[in-house]
Amino acid sequence: KERNPHQPEFIQSVEEVIESLSPVLEKKEIYRKYKILERLTEPERLISFRVNWMDDNGDIQVNRGYRVQMNSSLGPFKGGLRFHPSVNYSILKFLAFEQTFKNALTGMPLGSGKGGADFDPKGKSDEEVMRFCQTFMNELFRHMGQFTDIPAGDIGVGNREIGYLFGQYKKLRNEFAGVITGKNVRWGGSWVRTEATGFGLIYFACNMLSTQKDSLEGKKCLVSGAGNVAQHAIEKIIEMGGTPITVSDSSGFIYDEEGIDKDKLKVIMKIKNEDRGRIKEYLDHYSNAEYHENKEDEEFNPLWDIKADCAFPCATQNEINKKDAENLVNNNMVLVAEGANMPVSKEGVQVFQNSDVMYAQGKASNAGGVAVSSIEMTQNRMGESWSREKVNKQLINIMNTIHKDCTEAAEEFGFKKTDYVHGANIAGFTRVANAMIEQGIT
Ligand code: NDP
């Protein structure tokens, strides 16, 4: 805390992991001797830079760009870019720290990183977004490379932004290389990358349910967010026979008691991806649904108090507080699996851990996105483009393996097999820690 004042999100994510790891650190002295925790919590490199660009009125705007190169023990730095006004060191360091464990869990050759800018793409024209991305890349390109650091998307960085960023990188370096993932499949991207985080989340949830000989069939599901992760989680829930009944954005949420089906999902995708509109516009198409506008002074989010069987938070960090977690538990939720990174507050996590709800954190359950990014990198290096079926099959295998590794790690250290919090932290930590020891004090 003293080393990182004013970084509450980073401290929250580190404290949660440390609590989980105490049995490992007690049992294995070598991790203490090599000061693994101290080294894991200090980024290898922090980059911060000015991004000035001109808006459509001819006024100059100044933003701050960042890249946190967290840990390269298992491979080149890898993690998304977030464009959102809230972006700062605390948020990016928490995301990069979580990424270390997540990337390790995939079993693929991936180090960890995260980056972005305090830039808000909302309400900006395509031309403004392009100019911003180009200036951002004018600095970031010198820190990237297919064997050094490979960014991807995150909140506010979707297909459009990835295109502009990649285009500028190519111009500056004069090379067409796999230095960014999430590219369009028509120019170097991989099938299923766009869908991978949401699909992977639901594959993971199916694994969780199968430990109870259960499935998603007939389950009512709460989903938050309406972006990349939420949309494809909804798509896969429908495919698996479940019924998504909510969707949200930063202004409010929709509750559609009749369920969101494939046609309704198409409408959501049009509103959010093409029109860049608000989720409230869902009511223009389906007037039977309800809309709840977010209020500043609300103690809890009524979305998480709707009766259902499964909950998939897919918007942003700390969107479920202690009261929300209590509501979910009191409503007898079967499962909570995180699509977003750290969507549950520290107190909320404790509520889940002391309950019968099966609960998985994003490190494990949302790792499908970065796993398919790694598959995209492999295709880029080999100069190949694999089929949708092949990539999807690999994604399913990876999520199954992550699930197995988590349950085995939990059991090995005396926790319940379905304690995914301890299982994921321990399995991820062990992989990175061993690599750090084997590579010496660098
Ligand atoms: P998008 O930008 O595509 O969507 C984010 C969604 O969350 C939007 O609907 C947005 O609403 C909503 N949102 C953002 N901030 C808030 C807030 N403060 N309160 C309520 N809603 C909010 O991002 P992604 O779907 O890519 O990312 C969502 C989460 O998943 C993030 O935590 C991200 O780190 C995580 N993640 C993403 C991966 C990926 O592959 N994309 C991989 C692994 C994790 P609005 O439209 O109003 O901004």
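Under a 5 Å amide H cut-off, with hydrogens placed 1.01 Å from N, Gly79 pairs with Gly113, Ile150, Ala152 among residues at least 5 apart or on other chains.
Less than 5 angstrom separates the built amide H of Val336 from those of Ala311, Met358, Tyr359, Ala360, all sequence-distant by 5 or more or on a different chain. Mean residue ellipticity at 222 nm, helices only, the chain: -14000 deg cm²/dmol; runs of at least 4 DSSP H residues each add -39,500 (n - 2.57), and the sum is divided by the number of residues. Phi-derived couplings, Karplus 6.51 cos²θ - 1.76 cosθ + 1.60 at θ = phi - 60°, listed residue by residue for segment 211-220: 5, 9, 6, 10, 8, 7, 3, x, 8, 7 Hz, with x used for Gly and Pro. Between Thr148, Thr106, Thr418, the residue with the greatest mean-square fluctuation in the GNM of the chain (Cα pairs under 10 Å linked by springs) is Thr148.
Is the C-alpha gyration tensor of the chain telling us rounded, prolate or oblate? Criteria: a/c under 1.5 is rounded; beyond that, a/b larger than b/c is prolate, otherwise oblate.
The shape class here is rounded.
Taken over the Cα atoms of segment 232-352, the convex hull encloses 104 Å³ per residue.
Less than 5 angstrom separates the built amide H of Lys183 from those of Ser190, all sequence-distant by 5 or more or on a different chain. Coupling constants for segment 298-305 follow from the phi torsions by the Karplus curve (6.51 cos²θ - 1.76 cosθ + 1.60, θ = phi - 60°), and in residue order they are 6, 6, 8, 9, x, 4, 7, 10 Hz; glycine and proline get x.
The local environment of Arg50, defined by Cβ-Cβ distances under 12 Å, has a net charge of -1 under the rule Lys, Arg +1 and Asp, Glu -1.
Counting charges near Leu172 (Lys, Arg +1; Asp, Glu -1) among other residues having Cβ under 14 Å from its Cβ returns a value of +2.
Each peptide in 383-394, 83-94 receives the mean, over its residues, of other Cβ atoms within 10 Å, and ordering these scores from highest gives 83-94, 383-394. What pairs in Lys220/Lys417; Lys390/Lys416; Lys33/Lys393 have C-alpha atoms more than 29 Å from each other? In this structure, Lys390/Lys416; Lys33/Lys393 lie more than 29 Å apart at Cα. The loop-placed trypsin sites (Lys or Arg not before Pro) in segment 253-314, going by DSSP, that have at most 12 neighbouring Cβ atoms within 10 Å of their Cβ come out as Lys295, Lys307.
Find the centroid of the Cα atoms in segment 294-371 and in segment 20-62, then give the distance between the two in whole Å. That distance is 25 Å.
Bear in mind these aren't lab numbers, they're just calculated from the coordinates by the rules spelled out. Model, not experiment: these values are computed from the prediction. Please note: Cβ atoms are built from the backbone with ideal geometry, for glycine as well, and neighbour counts cover all protein chains shown.
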